[in-house]
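Report on one structure; see the data block that follows.
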Amino acid sequence: TYGIFHNKKGDTIAVYNTHLDHMGVEARTNSVRQLKALIDANPYPKILMGDFNFNPSNSLYNDLTQVWSDAKMATPNIVENQDGTFNGFKLESTPKDRIDYILTDQNWVVSQYYSANLYTKKGRHISDHNLVLTSLNLLKKPSYLYRRHIVAGDTLPYRLLYPKNFNLATKYPIVLFLHGAGERGNDNEAQLIHGSKLFLDSIEKYPAIVIFPQCKSGKYWASVDIQRAPD
């Protein structure tokens with residue numbers, strides 16, 4: 001199900017909602033293929049959400065998030081009481097499976113992500129899925145988007161800059177900026193201190209995809225032994 005929405009300012013967006021098969025692996029695979037074909041043909045800023053019936057470790061999740069951004073991974077402001085979104089109407093256990101997502105294309109800034117259980121007055125679940133909400137702002141000009149890359153529980157924060165009028169069918173150079181020791185941490189901000197303004201100011205003249213990852217405190221980009229000479 002999808003709708004094309006217009007506001008009085010002249011903005012137009014496309015919002016898609018889906019519910020993939022909960023048993024058929026082939027059905028889910030084909031559904032994702034059809035979804036991508038349908039959505040790619042739309043020129044407007046896009047939001048895709050729904051019950052996908054696969055968790056973030058699934059290859060289909062990886063396939064979608066190569067282009068789309070998972071709202072939970074795209075904001076530092078996460079308000080939730082649980083990671084899982086499928087509760088199966090079970091009150092005695094904590095949901096573990098996160099299978100419901102809100103995905104956005106590169107035209108959005110995610111300001112908040114929220115997930116929680118909702119209960120009736122008698123203390124029962126109102127649904128077998130938790131509530132998932134996000135706050136989004138339509139990006140009017142190029143800006144460094146907040147991102148997190150998670151593999152096997154290890155998180156790499158990074159900021160991502162797309163060129164204006166980014167088009168999936170166009171090939172762009174990729175710039176990977178590795179900061180110095182002074183910008184290490186996990187705030188996903190400090191790595192922008194040096195160099196980020198240069199790329200932001202020149203992004204229209206020199207369209208590129210610019211990535212600013214942040215190295216952890218006390219770590220280095222290369223796993224090498226460092227011999228420091230005494231002063």
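The values are calculated or read from the model by the stated rules, or taken from the named source; none is laboratory data. Please read these numbers as outputs of a predicted model, since none were measured by experiment. Please note: Cβ atoms are built from the backbone with ideal geometry, for glycine as well, and neighbour counts cover all protein chains shown. Surface areas here come from the heavy atoms of the whole protein model, side chains and all, with no ligands, DNA or RNA. Shrake-Rupley method; radii C 1.70, N 1.55, O 1.52, S 1.80 Å.
Quick look at the numbers
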{"quantity": "Candidates T85, T94, T18, ranked by Gaussian network fluctuation over the chain, Cα under 10 Å, top entry", "calculated": "T94"}
{"quantity": "Environment charge at L160 (Cβ cut-off 11 Å; Lys +1, Arg +1, Asp -1, Glu -1)", "calculated": "+3"}
{"quantity": "Solvent-accessible area per residue for the chain (1.4 angstrom probe, square angstrom)", "calculated": "62"}
{"quantity": "Highest-fluctuation residue, G182, G24, G123 considered, GNM on the chain with Cα pairs under 10 Å", "calculated": "G123"}
{"quantity": "Cα gyration tensor category, rounded, prolate or oblate, for the chain with a/c compared to 1.5", "calculated": "oblate"}
{"quantity": "Within-12-Å neighbourhood charge of A74 [Cβ basis; K, R +1; D, E -1]", "calculated": "+2"}
{"quantity": "Gaussian network model of the chain, Cα within-10 Å springs - most flexible of K140, K216, K72", "calculated": "K140"}
{"quantity": "Relative contact order for the range 82-231, counting Cα pairs under 8 Å that sit 6 or more residues apart, in percent", "calculated": "18"}
{"quantity": "Percent accessible area from carbon and sulfur atoms, the range 134-179, protein chains only, probe 1.4 Å", "calculated": "54"}
{"quantity": "Modelled FRET efficiency - R0 30 Å, T29 with L156, Cβ distances, 0.05 increments", "calculated": "0.60"}
{"quantity": "FRET E, pair K122, L168, Förster distance 41 Å, beta-carbon r, rounded to 0.05", "calculated": "0.25"}
{"quantity": "Net +/- balance of residues flanking H129 in space, Cβ distance below 11 Å, scoring K and R +1, D and E -1", "calculated": "-3"}
{"quantity": "Dipole magnitude of the chain, debye to nearest 20 (Cβ charges: Lys/Arg +1, Asp/Glu -1, about Cα centre)", "calculated": "500"}
{"quantity": "Sum of -39500 (n - 2.57) over DSSP H runs of 4+, divided by residues of the chain (222 nm, nearest 500)", "calculated": "-3500 deg cm²/dmol"}
{"quantity": "Check: the range 70-126 dipole with +1 on Lys, Arg Cβ and -1 on Asp, Glu Cβ, in debye", "calculated": "380"}
{"quantity": "Unit charges on C-beta of K, R, D, E only; dipole of the range 102-171, Debye", "calculated": "220"}
{"quantity": "Prolate/oblate/rounded label for the range 45-89 (Cα gyration tensor, a/c 1.5)", "calculated": "oblate"}
{"quantity": "Separation between Cα centres of the range 130-184 and the range 64-86, rounded to whole Å", "calculated": "13"}
